[in-house]
Amino acid sequence: MSLWNWIKTQVTGVDIEKEVAIGQQQDALIAEYQARQYADGIWTASEYDAAKVRAAEQAATTYKAQVQAEFDKGLKEGKANVSGAIGSTINAAASPFTAILSGIPAWLWLVAAGIIAFKLGLLDGLFRKRA
């Protein structure tokens, strides 16, 4: 078992190789049961052939790929949940400040900027008489 498979087994609680082996054993038991049903005359030839086709279609499914796809999907969903929670927390914390600041009229912002510029001496050249 590779390190990545070991990590996935620890995170998901599922040993993929073990589950695939169990699935193959069960598929063999089902195939044996279906052959017995056909041999006993319970199933017709067309029913038996249809069962073999279904079994072949299911055997073509790669369980590792399915588990990997679901693991990736869960990882992306978890990332979205965490980043969404962080973003909503920041937005919730900032919303009172943005509400207060957006409640101040624009002309008051301009007056405040002018007063600050005057106090810092940025407007001294505008009000001196030229000689």
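Evaluate the following for A65: is it assigned to a helix (DSSP H, G or I), among the aliphatic types (A, V, I, L, M) and modelled with pLDDT of 90 or more? Spelling it out, it is not the case that A65 is assigned to a helix (DSSP H, G or I), among the aliphatic types (A, V, I, L, M) and modelled with pLDDT of 90 or more. Among A92, A80, A51, which is touching a residue at least 12 places away in the same chain (Cβ under 8 Å) and on the phi < 0 side of the Ramachandran plot? Residue meeting the stated conditions: A51.
The listed residues are A55, A28, A85, A21, and the only one of them that is assigned to a helix (DSSP H, G or I) and either among the β-branched types (V, I, T) or over 30 Å from W4 (Cα atoms) (or both) turns out to be A55. Please state which one of G74, G121 is among the small types (G, A, S) and under 30 Å from V20 (Cα atoms). The unique qualifying residue is G74. On the stretch given as segment 91-106, residues that are within 26 Å of the chain's Cα centre (by Cα) and either surrounded by fewer than 10 Cβ atoms within 10 Å (Cβ to Cβ) or aromatic (F, W, Y) (or both) total 2.
For segment 35-87, filtered to residues that are over 17 Å from the mean Cα position of the chain (by Cα) and polar (S, T, N, Q), the residue that is farthest from T12 (Cα to Cα) is T44. Screening L120 with (1) surrounded by 10 or more Cβ atoms within 10 Å (Cβ to Cβ); (2) more than 17 Å from the chain's Cα centre (by Cα) gives one miss only, at (1).
The values are calculated or read from the model by the stated rules, or taken from the named source; none is laboratory data. Worth saying up front: this structure is predicted, and the values here are computed from it rather than measured. Neighbour counts run over all protein chains shown; Cβ positions are idealised from the backbone, glycine included.
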